[in-house]
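> A single structure is presented below for examination.
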Amino acid sequence: MSEPEQPEKFIAFFDVLGWKHHVRASSEGTGLSRVELEETIGALGTDEDRKHIEKYGPTTCPQAPYIRRDLDFQITAASDCAIVSTEISPAGLINLVSHCWTACFKLLSKGLMCRGSITRGQIHHTDKYQFGTGLNEATEREKKVAVFRENADESGTPYIELGKDVVFYVEQQHDQCVKEMFSRLVEIDDDLAAVFPFKRLNHSFMIAGFGTEFDPQSERDSLNNVRGWIRMMRAQVQRHINMADASVVQKGGHYLRLLDAQMVACDDTEEAINRLSRPFASS
């Protein structure tokens, strides 16, 4: 039996928001440098990502079920957007989501926003050609992302949104690594879900177990490092918001609020560290 011309796969389509503005600002010497623009395109993904999975197999949840060891992982990045597709399998999906999360986090560290969609549908995807009804759906959904919107009229929020069928697929799986990693990489918003790089900006610590010692100062130092990342990212996001475009200002507000929320979480964590480091009152 011959392979279908447009096999069903998981498909991600996402792009960098405000790309034309960034390119124009760079040409005027007021924005990203040429090297930074190149790094931005590289953050979306490269053929090296495909070759890595082709050589080593799945990198996230490597023991999860798959059909092909290379996951039929395909990636095409051009200018400000990327298309990524994988086979329909637990390993295929979690590695696609992981790739999108990594791209989002790299862009966030540069103060850049991205938006996109992860769907399930038909696509013919090679290094030369990309087409299919599933890809058409993914590109259309990218324009209508609504996850985490502030009001009913807002559309095109700056996140990579997952289709409900994609979330349902994960819910039906039995592989615990896939479920755990999905919960780390994705945030649920009512009946919608999105790739969520802000979770990386949490400082977690463990109460020392038997034979080890809880070091509150070390935890505070680590916490302050996280605070430094947040301040840096917030300044970068603020720097790249085109204040002349009300829509961009609104989208940038999403990232600024989430970064502020992570800073509050750092304060809560420090208070917990302080409580744990206080001597117990003697009776």
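Let's see how each residue does on (1) over 30 Å from His240 (Cβ atoms); (2) not β-branched (Val, Ile, Thr):
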residue: Asp80; (1), (2): no, yes
residue: Thr86; (1), (2): yes, no
residue: Ser89; (1), (2): yes, yes
residue: Gly92; (1), (2): yes, yes
residue: Ala103; (1), (2): no, yes
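> Continuing with the same structure: Applying the selection to segment 185-198, what residues are in contact with a helix residue (DSSP H, G or I) (Cβ under 9 Å, 6 or more places away or on another chain) and either within 18 Å of Phe14 (Cβ to Cβ) or acidic (Asp, Glu) (or both)?
Across segment 185-198, the qualifying residues are Leu185, Val186, Glu187, Asp191, Leu192, Ala193, Val195, Phe196, Pro197, Phe198.
> Is it true that Asp268 is farther than 19 Å from Leu107 by Cβ, exposed (fewer than 15 other Cβ atoms within 10 Å of the Cβ) and of a type in the set (D, E, K, R)?
Taking the combined requirement at face value, the residue satisfies it.
> Of all residues in segment 234-265 being open to solvent by less than 60 Å² (accessible area, probe 1.4 Å) and of a type in the set (S, T, N, Q), which is nearest to Ser222 (Cα to Cα)?
Result: Gln262.
> Looking at Val84, Val145, which is the one that is over 17 Å from Ala193 (Cα atoms) and touching a residue at least 12 places away in the same chain (Cβ under 8 Å)?
Of Val84, Val145, the one residue that is over 17 Å from Ala193 (Cα atoms) and touching a residue at least 12 places away in the same chain (Cβ under 8 Å) is Val84.
> Determine, yes or no, whether Ser247 is within 25 Å of Trp19 (Cα to Cα) and outside any helix (DSSP H, G or I).
no
> Shifting gears a bit: Just for segment 65-113: of the residues that are of a type in the set (A, V, I, L, M) and in a loop (DSSP other than H, G, I, E, B), which one is farthest from Arg141 (Cα to Cα)?
Step by step, filter segment 65-113, then rank; the result is Ile67.
> If you check every pair at least six apart or on different chains, which have Cβ atoms under 8 Å apart with a residue in segment 156-172 that is closer than 20 Å to Gln122 by Cβ and assigned to a loop (DSSP other than H, G, I, E, B) first and a residue that is open to solvent by 10 Å² or more (accessible area, probe 1.4 Å) and not polar (S, T, N, Q) second?
Close Cβ pairs (under 8 Å, with a partner that is open to solvent by 10 Å² or more (accessible area, probe 1.4 Å) and not polar (S, T, N, Q)) amount to Gly163/Arg120; Gly163/Arg141.
The values are calculated or read from the model by the stated rules, or taken from the named source; none is laboratory data. Note that the structure is predicted; figures quoted are calculated from it, not measured. Cβ sites come from the backbone with ideal geometry, for glycine too, and all protein chains shown count toward neighbours. Ligands, DNA and RNA are stripped out before the accessible areas are found, and what is left, the full protein with its side chains, is counted by its heavy atoms. Shrake-Rupley method; radii C 1.70, N 1.55, O 1.52, S 1.80 Å.
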